[in-house]
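Data first, discussion second: the structure below is written as C-alpha cells.
The values are calculated or read from the model by the stated rules, or taken from the named source; none is laboratory data. This structure is a prediction, so every number in the text was calculated from the model and none was measured. Note that each Cβ is placed from the backbone with ideal geometry, even for glycine, and that neighbours are counted across all protein chains shown.
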Amino acid sequence: MKPLIDVLIVNYNTADFVALTLWALKKLTDNPYRVIILDNRSTEKDCNQLYKIVEDYDNVTLERSDKSITGEAAHAYGLNYLTQQVTAPYFAILDADATWLIKGWDTILFEELNEKVKVAGTQAPVGSHKEADFPLVFCMLFETQAFKEINPNFNPPPPPQVGVGAGLRQKYHDAGYTGKVIEMKNTRTYKDGPFAELICAEYYLDRDYRNIFASHFSRGSTLGVNKYMSTGFKFLYKTPIWGRWLLRHKGAQEKKRWIQICRDIINQQI
C-alpha cells in the first residue's frame with residue numbers, strides 16, 4: 001500500500017530522540033506512512049546508532065548529508081532536500097526532538113485541512129520574533145499539492161535569527177492560504193500538563209487542554225544549554241570548569257525523563 005504521508009526528519013546527534021519518534025509514529029499513526037531521515041553529519045557514534053535503530057523499520061530510509069554546513073543553514077538545507085523527495089499526497093515535518101503524542105494525530109489533522117487551510121502544526125512561542133498565528137517547523141502536516149504550488153524555501157529570510165522556515169507564513173498567505181495552529185504551552189509557566197517538572201513545550205489542539213497533542217524538548221544543538229541558563233541555578237552553570245558539566249548533566253537527565261513521559265503518555269493509548 002502506498003504511503004499517504006511522508007514524514008521528514010533532519011538528524012544532528014539526536015539518535016535517541018529519533019528512536020522515540022519512530023516508535024511513536026508506529027503506535028499513533030492511523031494511515032500508511034514512510035519516514036525519510038537526513039543525517040546532518042552527526043558524530044560517527046550517533047550516526048551508527050541511528051543506522052542500527054532504523055534497521056527495525058521497513059518504512060524508514062536514512063541518508064547522510066555530504067554538505068559541510070552547520071547550524072540553521074544545515075537544518076534548512078536538510079528540509080529543502082527532504083521536501084524534494086516527497087511523493088505522498090501529504091507530508092509531515094518533525095523536529096528530531098519533537099513528537100506527536102495523540103493516537104490518530106494524522107486523521108485529526110486531516111480534518112483541519114480544507115480549501116483555505118493547507119498546513120497544520122505547532123505554534124511558535126508567543127512573544128518571540130516568530131509569528132504565533134502560523135505553524136512552526138517543530139511538528140507540521142502539509143498538503144503536498146499546495147506546498148509544491150507555493151514552492152517555499154526553508155532558508156530563513158533576513159535577519160537570520162528569525163529561524164528556519166520563517167518565510168513559510170508569508171508564502172502561504174500570498175497564495176491565499178493559511179495554517180491551523182496547535183497552541184503552545186511553555187512549562188516554565190504552565191504547570192497543569194504532563195511535563196510540568198521539565199522545561200519544554202507542550203502543544204494542545206483543544207482549548208480545554210486535557211489531551212496533549214505533541215511536545216518539543218527544545219534541545220537545540222546542545223542538551224538545552226540556553227534554556228537552563230535562564231533558571232534560578234544559572235549562577236551554578238556559570239561556574240568555571242564545573243558549570244558546563246552541570247549543564248550537560250541537567251540536560252541529559254531532563255532528556256531521559258522527557259522521553260519516558262512521552263512513552264508513558266503513548267502507552268496509555270495503546
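Quick notes on this one:
- Answer residue from region 1-33, given it is charged (D, E, K, R) and within 26 Å of Gly71 (Cα to Cα) and is surrounded by the most Cβ atoms within 10 Å (Cβ to Cβ) among those: Asp6
- Only one entry in Ala92, Ala88 is surrounded by fewer than 23 Cβ atoms within 10 Å (Cβ to Cβ), aliphatic (A, V, I, L, M) and either at pLDDT 95 or above or under 25 Å from Ala19 (Cβ atoms) (or both), namely Ala88.
- The residue that is modelled with the lowest pLDDT, among those in region 47-59 that are closer than 26 Å to Thr29 by Cα and either in a helix (DSSP H, G or I) or small (Gly, Ala, Ser) (or both), is Cys47.
- Where Ile261 falls short, out of the listed (1) outside any loop (DSSP other than H, G, I, E, B); (2) modelled with pLDDT under 95: (2)
- Any hit, region 54-75, residues being within 22 Å of Ala175 (Cα to Cα) and more than 18 Å from the chain's Cα centre (by Cα): no
- Residues of region 60-73 satisfying the condition of being closer than 17 Å to Leu8 by Cα and assigned to a loop (DSSP other than H, G, I, E, B): Ser65
- Here the condition is being surrounded by 14 or more Cβ atoms within 10 Å (Cβ to Cβ) and farther than 19 Å from Val164 by Cα; of Leu38, Leu50, it holds for Leu50 alone.
- Restricting region 109-119 to residues that are surrounded by fewer than 19 Cβ atoms within 10 Å (Cβ to Cβ) and hydrophobic (A, V, I, L, M, F, W, C) leaves a set whose member that is farthest from Leu62 (Cα to Cα) is Val117.
- Filtering Asn31, Asn80, Asn13 for residues that are part of a loop (DSSP other than H, G, I, E, B), under 27 Å from Ile108 (Cα atoms) and not aliphatic (A, V, I, L, M) leaves a single hit, Asn31.
- Residue in region 36-44 that is closer than 26 Å to Gly251 by Cβ, part of a helix (DSSP H, G or I) and out of contact with any Cys (no Cβ under 8 Å at 6 or more places or on another chain) present: yes
- Any hit, region 66-79, residues being touching a helix residue (DSSP H, G or I) at 6+ places or on another chain (Cβ under 8 Å) and at pLDDT 95 or above: no
- Sole exception among (1) in a loop (DSSP other than H, G, I, E, B); (2) surrounded by 14 or more Cβ atoms within 10 Å (Cβ to Cβ); (3) modelled with pLDDT under 90 for Pro194, by number: (3)
- Flag for Leu20 being in contact with a Cys (Cβ under 7 Å, 6 or more places away or on another chain), closer than 26 Å to Asn267 by Cβ and of a type in the set (A, V, I, L, M): yes
- Selection status of Lys148, at pLDDT 90 or above, touching a Ser or Thr at 6+ places or on another chain (Cβ under 9 Å), surrounded by fewer than 17 Cβ atoms within 10 Å (Cβ to Cβ) and farther than 27 Å from Leu22 by Cα: no
- Members of region 207-240 that are farther than 28 Å from Thr70 by Cα, modelled with pLDDT of 85 or more and either surrounded by 12 or more Cβ atoms within 10 Å (Cβ to Cβ) or aliphatic (A, V, I, L, M) (or both): Tyr209, Asn211, Ile212, Phe213
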